[in-house]
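K.L.:
Mind looking over this structure? Questions follow.
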Amino acid sequence: KAGVTQTPRYLIKTRGQQVTLSCSPISGHRSVSWYQQTPGQGLQFLFEYFSETQRNKGNFPGRFSGRQFSNSRSEMNVSTLELGDSALYLCASSLGDIPTGNSGYTFGSGTRLTVV
Amino acid sequence: DQQVKQNSPSLSVQEGRISILNCDYTNSMFDYFLWYKKYPAEGPTFLISISSIKDKNEDGRFTVFLNKSAKHLSLHIVPSQPGDSAVYFCAASGYGNKLVFGAGTILRVKS
(Lines give C-alpha, C1' and ligand atoms only; values in the text may rest on other atoms or scores of the structure.)
Protein backbone atom coordinates (compact mmCIF):
# COMPACT_ATOMS: atom_id res chain seq x y z
CA LYS A 1 0.00 0.00 0.00
CA ALA A 2 1.12 3.56 -0.65
CA GLY A 3 2.96 5.33 2.15
CA VAL A 4 2.62 8.85 3.45
CA THR A 5 3.17 11.38 0.66
CA GLN A 6 4.40 14.89 1.32
CA THR A 7 4.64 17.59 -1.30
CA PRO A 8 6.69 19.43 -2.25
CA ARG A 9 9.97 17.79 -1.19
CA TYR A 10 11.92 21.03 -1.25
CA LEU A 11 10.87 24.65 -1.03
CA ILE A 12 12.71 27.96 -0.91
CA LYS A 13 10.80 31.00 0.28
CA THR A 14 11.63 34.58 1.20
CA ARG A 15 11.10 36.09 4.64
CA GLY A 16 7.60 37.46 5.02
CA GLN A 17 6.04 35.09 2.52
CA GLN A 18 3.66 32.31 3.38
CA VAL A 19 3.85 28.65 2.47
CA THR A 20 1.49 25.68 2.31
CA LEU A 21 2.69 22.11 2.67
CA SER A 22 0.63 19.05 1.83
CA CYS A 23 0.39 15.57 3.31
CA SER A 24 -1.55 12.57 2.05
CA PRO A 25 -1.79 9.86 4.72
CA ILE A 26 -1.93 6.11 4.27
CA SER A 27 -5.33 5.02 3.03
CA GLY A 28 -7.60 4.37 5.99
CA HIS A 29 -5.55 6.46 8.41
CA ARG A 30 -7.62 9.24 9.91
CA SER A 31 -4.99 10.95 12.04
CA VAL A 32 -2.34 13.24 10.61
CA SER A 33 0.32 14.84 12.80
CA TRP A 34 2.88 17.44 11.85
CA TYR A 35 6.37 17.81 13.28
CA GLN A 36 9.20 20.28 12.73
CA GLN A 37 12.75 18.94 12.76
CA THR A 38 15.69 21.26 13.25
CA PRO A 39 19.32 20.32 14.01
CA GLY A 40 19.83 19.69 17.72
CA GLN A 41 16.12 20.03 18.54
CA GLY A 42 14.79 16.71 17.43
CA LEU A 43 11.20 16.61 16.28
CA GLN A 44 8.89 19.21 17.74
CA PHE A 45 5.16 18.51 17.66
CA LEU A 46 3.11 21.09 15.77
CA PHE A 47 -0.43 19.70 15.74
CA GLU A 48 -2.58 16.66 15.06
CA TYR A 49 -5.75 16.42 13.03
CA PHE A 50 -8.30 13.68 13.32
CA SER A 51 -11.49 13.55 11.27
CA GLU A 52 -11.02 17.15 10.11
CA THR A 53 -10.64 18.47 13.67
CA GLN A 54 -7.50 19.65 15.41
CA ARG A 55 -7.16 17.29 18.34
CA ASN A 56 -3.74 18.25 19.76
CA LYS A 57 -1.59 21.32 19.44
CA GLY A 58 2.05 22.00 20.27
CA ASN A 59 3.73 25.20 21.42
CA PHE A 60 4.14 27.01 18.14
CA PRO A 61 2.99 30.55 17.33
CA GLY A 62 -0.27 31.21 15.55
CA ARG A 63 1.63 31.70 12.26
CA PHE A 64 1.57 27.91 12.05
CA SER A 65 -1.82 26.50 11.16
CA GLY A 66 -3.26 23.46 9.53
CA ARG A 67 -6.36 21.77 8.34
CA GLN A 68 -7.59 18.37 7.32
CA PHE A 69 -9.97 17.51 4.54
CA SER A 70 -12.70 14.89 4.41
CA ASN A 71 -10.36 12.48 2.58
CA SER A 72 -7.89 12.84 5.51
CA ARG A 73 -5.36 14.77 3.45
CA SER A 74 -3.86 17.58 5.48
CA GLU A 75 -2.23 20.88 4.76
CA MET A 76 0.02 22.97 6.94
CA ASN A 77 0.39 26.70 6.44
CA VAL A 78 3.05 29.03 7.76
CA SER A 79 2.46 32.75 7.34
CA THR A 80 4.95 35.62 7.58
CA LEU A 81 7.93 33.31 7.27
CA GLU A 82 11.00 33.91 9.42
CA LEU A 83 14.54 32.65 8.90
CA GLY A 84 14.10 30.40 11.94
CA ASP A 85 11.28 28.54 10.21
CA SER A 86 13.84 26.83 7.98
CA ALA A 87 13.48 23.16 8.87
CA LEU A 88 12.34 19.75 7.74
CA TYR A 89 8.58 19.45 8.19
CA LEU A 90 7.40 15.91 8.71
CA CYS A 91 3.92 14.55 8.50
CA ALA A 92 2.91 11.30 10.18
CA SER A 93 -0.25 9.28 9.82
CA SER A 94 -1.85 6.73 12.07
CA LEU A 95 -5.22 5.07 12.57
CA GLY A 96 -5.81 7.35 15.52
CA ASP A 97 -9.23 6.01 16.54
CA ILE A 98 -8.02 5.60 20.09
CA PRO A 99 -5.40 8.15 20.98
CA THR A 100 -2.25 6.13 21.42
CA GLY A 101 1.34 6.39 20.39
CA ASN A 102 2.36 2.83 21.19
CA SER A 103 2.18 1.43 17.70
CA GLY A 104 4.12 4.25 16.17
CA TYR A 105 3.39 6.55 13.33
CA THR A 106 4.23 6.17 9.67
CA PHE A 107 6.16 9.23 8.60
CA GLY A 108 6.45 10.82 5.20
CA SER A 109 9.84 11.85 3.79
CA GLY A 110 9.26 15.45 4.73
CA THR A 111 9.34 18.85 3.09
CA ARG A 112 12.62 20.73 3.42
CA LEU A 113 11.75 24.42 3.78
CA THR A 114 14.47 27.02 3.42
CA VAL A 115 13.67 30.63 4.22
CA VAL A 116 16.07 33.21 2.80
CA ASP B 1 11.48 22.07 28.99
CA GLN B 2 12.89 18.93 27.38
CA GLN B 3 10.92 16.01 28.69
CA VAL B 4 12.88 13.48 26.64
CA LYS B 5 16.65 13.79 26.46
CA GLN B 6 19.27 12.02 24.44
CA ASN B 7 22.49 13.31 25.92
CA SER B 8 24.86 11.75 23.41
CA PRO B 9 24.74 13.59 20.08
CA SER B 10 26.78 10.87 18.42
CA LEU B 11 28.15 7.38 18.90
CA SER B 12 30.74 5.47 16.91
CA VAL B 13 30.92 1.66 17.06
CA GLN B 14 32.87 -1.04 15.28
CA GLU B 15 30.92 -3.43 13.07
CA GLY B 16 29.92 -6.58 14.97
CA ARG B 17 30.06 -4.90 18.37
CA ILE B 18 27.16 -3.73 20.53
CA SER B 19 25.66 -0.25 20.10
CA ILE B 20 23.95 1.21 23.16
CA LEU B 21 21.86 4.33 22.74
CA ASN B 22 20.50 6.03 25.83
CA CYS B 23 17.48 8.15 26.60
CA ASP B 24 16.23 9.85 29.76
CA TYR B 25 12.80 11.26 30.46
CA THR B 26 11.32 13.42 33.16
CA ASN B 27 7.56 12.84 32.95
CA SER B 28 6.37 9.80 34.89
CA MET B 29 3.02 9.93 33.03
CA PHE B 30 4.55 8.59 29.82
CA ASP B 31 3.15 5.13 29.16
CA TYR B 32 4.89 4.09 25.96
CA PHE B 33 8.38 4.59 24.65
CA LEU B 34 9.47 4.20 21.07
CA TRP B 35 12.64 4.27 19.01
CA TYR B 36 12.78 5.59 15.50
CA LYS B 37 15.57 5.41 12.97
CA LYS B 38 16.14 8.10 10.37
CA TYR B 39 18.30 8.15 7.26
CA PRO B 40 19.10 11.43 5.49
CA ALA B 41 16.36 12.66 3.14
CA GLU B 42 13.89 10.13 4.56
CA GLY B 43 11.28 10.27 7.28
CA PRO B 44 11.84 8.44 10.57
CA THR B 45 10.87 4.77 10.58
CA PHE B 46 9.50 2.96 13.61
CA LEU B 47 11.98 0.51 15.10
CA ILE B 48 10.77 -0.86 18.42
CA SER B 49 8.63 0.18 21.37
CA ILE B 50 8.08 -0.73 24.99
CA SER B 51 5.17 -0.28 27.34
CA SER B 52 5.79 1.26 30.74
CA ILE B 53 4.61 -1.98 32.38
CA LYS B 54 7.52 -3.90 30.88
CA ASP B 55 11.25 -3.63 31.40
CA LYS B 56 12.48 -5.28 28.22
CA ASN B 57 11.35 -5.82 24.66
CA GLU B 58 13.33 -7.65 22.03
CA ASP B 59 13.03 -7.78 18.26
CA GLY B 60 15.82 -9.52 16.42
CA ARG B 61 19.04 -7.57 16.86
CA PHE B 62 17.23 -4.76 18.69
CA THR B 63 16.41 -4.75 22.41
CA VAL B 64 14.96 -1.89 24.41
CA PHE B 65 15.38 -1.76 28.18
CA LEU B 66 13.28 0.42 30.45
CA ASN B 67 14.25 1.42 34.00
CA LYS B 68 11.24 3.27 35.34
CA SER B 69 12.76 4.15 38.69
CA ALA B 70 15.64 5.88 36.92
CA LYS B 71 13.40 7.21 34.12
CA HIS B 72 15.88 5.80 31.66
CA LEU B 73 15.67 3.64 28.59
CA SER B 74 18.26 2.24 26.26
CA LEU B 75 18.37 0.64 22.85
CA HIS B 76 20.86 -2.17 22.29
CA ILE B 77 21.82 -3.23 18.79
CA VAL B 78 23.73 -6.51 18.58
CA PRO B 79 25.62 -7.09 16.37
CA SER B 80 25.94 -3.63 14.85
CA GLN B 81 26.05 -3.42 11.07
CA PRO B 82 27.15 -0.59 8.76
CA GLY B 83 23.54 -0.27 7.56
CA ASP B 84 22.55 0.68 11.10
CA SER B 85 24.34 4.01 10.65
CA ALA B 86 21.58 6.58 11.01
CA VAL B 87 20.04 9.03 13.46
CA TYR B 88 18.12 7.34 16.27
CA PHE B 89 15.31 9.15 18.03
CA CYS B 90 13.81 8.18 21.33
CA ALA B 91 10.14 9.17 21.79
CA ALA B 92 7.53 8.93 24.50
CA SER B 93 3.75 9.04 24.53
CA GLY B 94 1.22 9.58 27.25
CA TYR B 95 -1.05 12.38 26.14
CA GLY B 96 -3.18 11.34 23.23
CA ASN B 97 -1.84 10.59 19.81
CA LYS B 98 1.23 12.75 20.26
CA LEU B 99 4.87 11.84 20.67
CA VAL B 100 7.58 13.77 22.51
CA PHE B 101 10.93 13.21 20.85
CA GLY B 102 14.51 13.51 21.99
CA ALA B 103 17.06 15.42 19.94
CA GLY B 104 18.49 12.25 18.39
CA THR B 105 21.79 10.38 18.44
CA ILE B 106 23.86 9.87 15.30
CA LEU B 107 25.14 6.30 15.19
CA ARG B 108 28.12 5.49 12.97
CA VAL B 109 29.02 1.84 12.55
CA LYS B 110 32.52 1.43 11.14
CA SER B 111 33.42 -1.56 9.02
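K.L.:
Taking the options A:28, A:96, name whichever one is within 9 Å of chain B (Cβ to nearest Cβ) and assigned to a loop (DSSP other than H, G, I, E, B). Steps first, answer last, please.
P.N.:
Numbers: A:28 fails: within 9 Å of chain B (Cβ to nearest Cβ).
Going through A:28, A:96 in turn, the sole match is A:96.
K.L.:
If you scan the range B:1-24, which residues turn out to be open to solvent by less than 60 Å² (accessible area, probe 1.4 Å) and within 12 Å of chain A (Cβ to nearest Cβ)?
P.N.:
Those that are open to solvent by less than 60 Å² (accessible area, probe 1.4 Å) and within 12 Å of chain A (Cβ to nearest Cβ): B:3, B:4, B:6, B:23.
K.L.:
Restricting attention to the range A:37-48, does a residue exist that is over 22 Å from residue B:6 (Cβ atoms), part of a strand (DSSP E or B) and of a type outside the set (S, T, N, Q)?
P.N.:
Yes: the range A:37-48 contains one or more residues that are over 22 Å from residue B:6 (Cβ atoms), part of a strand (DSSP E or B) and of a type outside the set (S, T, N, Q).
K.L.:
Can you find, within the range A:8-25, the residue that is farthest from the other protein chains (Cβ to nearest Cβ) among those that are open to solvent by 70 Å² or more (accessible area, probe 1.4 Å) and either of a type in the set (Ser, Thr, Tyr) or in contact with a Pro (Cβ under 7 Å, 6 or more places away or on another chain) (or both)?
P.N.:
A:14
K.L.:
Only residues that are free of Cβ contacts under 8 Å to residues at least 60 places away in the same chain and among the aliphatic types (A, V, I, L, M): list them for the range B:6-23, please.
P.N.:
B:20
K.L.:
Looking at the range A:74-85, which of its residues are assigned to a loop (DSSP other than H, G, I, E, B) and buried (at least 17 other Cβ atoms within 10 Å of the Cβ)?
P.N.:
Answer for the range A:74-85, where residues must be assigned to a loop (DSSP other than H, G, I, E, B) and buried (at least 17 other Cβ atoms within 10 Å of the Cβ): just A:81.
K.L.:
Pairs, please: C-beta under 6 Å, at least 6 apart or cross-chain, first residue touching a residue at least 24 places away in the same chain (Cβ under 8 Å) and farther than 19 Å from residue B:99 by Cα and in the range A:51-69, second outside any strand (DSSP E or B) and of a type outside the set (Phe, Trp, Tyr)?
P.N.:
Final answer for the pair search is A:68/A:52.
K.L.:
Of the residues A:66, A:42, A:108, which is open to solvent by less than 10 Å² (accessible area, probe 1.4 Å), within 14 Å of the chain's Cα centre (by Cα) and not basic (Lys, Arg)?
P.N.:
Going through A:66, A:42, A:108 in turn, the sole match is A:108.
K.L.:
Looking at the range B:64-100, which of its residues are outside any strand (DSSP E or B), within 29 Å of residue A:95 (Cα to Cα) and either within 14 Å of another protein chain (Cβ to nearest Cβ) or open to solvent by 10 Å² or more (accessible area, probe 1.4 Å) (or both)?
P.N.:
B:68, B:71, B:94, B:95, B:96, B:97, B:98
K.L.:
A further question on this structure: How many residues does the range B:32-63 contain that are outside any strand (DSSP E or B), modelled with pLDDT of 90 or more, open to solvent by 70 Å² or more (accessible area, probe 1.4 Å) and of a type outside the set (Asp, Glu)?
P.N.:
Residues that pass the stated criteria total 3.
K.L.:
Something else now. Sort out which residues of the range A:31-55 are facing chain B (nearest Cβ under 10 Å), out of contact with any strand residue (DSSP E or B) (no Cβ under 7 Å at 6 or more places or on another chain) and polar (S, T, N, Q), and write them in order of number.
P.N.:
Answer for the range A:31-55, where residues must be facing chain B (nearest Cβ under 10 Å), out of contact with any strand residue (DSSP E or B) (no Cβ under 7 Å at 6 or more places or on another chain) and polar (S, T, N, Q): just A:41.
K.L.:
In addition: So which of B:26, B:45 ends up being among the β-branched types (Val, Ile, Thr), touching a residue at least 24 places away in the same chain (Cβ under 8 Å) and out of contact with any His (no Cβ under 7 Å at 6 or more places or on another chain)?
P.N.:
B:26
K.L.:
Could we say that residue A:63 is within 11 Å of chain B (Cβ to nearest Cβ) and over 21 Å from residue B:36 (Cβ atoms) here? Steps first, please.
P.N.:
On the way: within 11 Å of chain B (Cβ to nearest Cβ): no; over 21 Å from residue B:36 (Cβ atoms): yes.
Answer is no for this residue.
The values are calculated or read from the model by the stated rules, or taken from the named source; none is laboratory data. These numbers were taken from a predicted model, which means no experiment stands behind them. Note: ideal-geometry Cβ built from the backbone for every residue, glycine included; neighbour counts use all protein chains shown. In case anyone asks, the SASA skips ligands and DNA or RNA and just uses the protein heavy atoms, side chains included. Shrake-Rupley method; radii C 1.70, N 1.55, O 1.52, S 1.80 Å.
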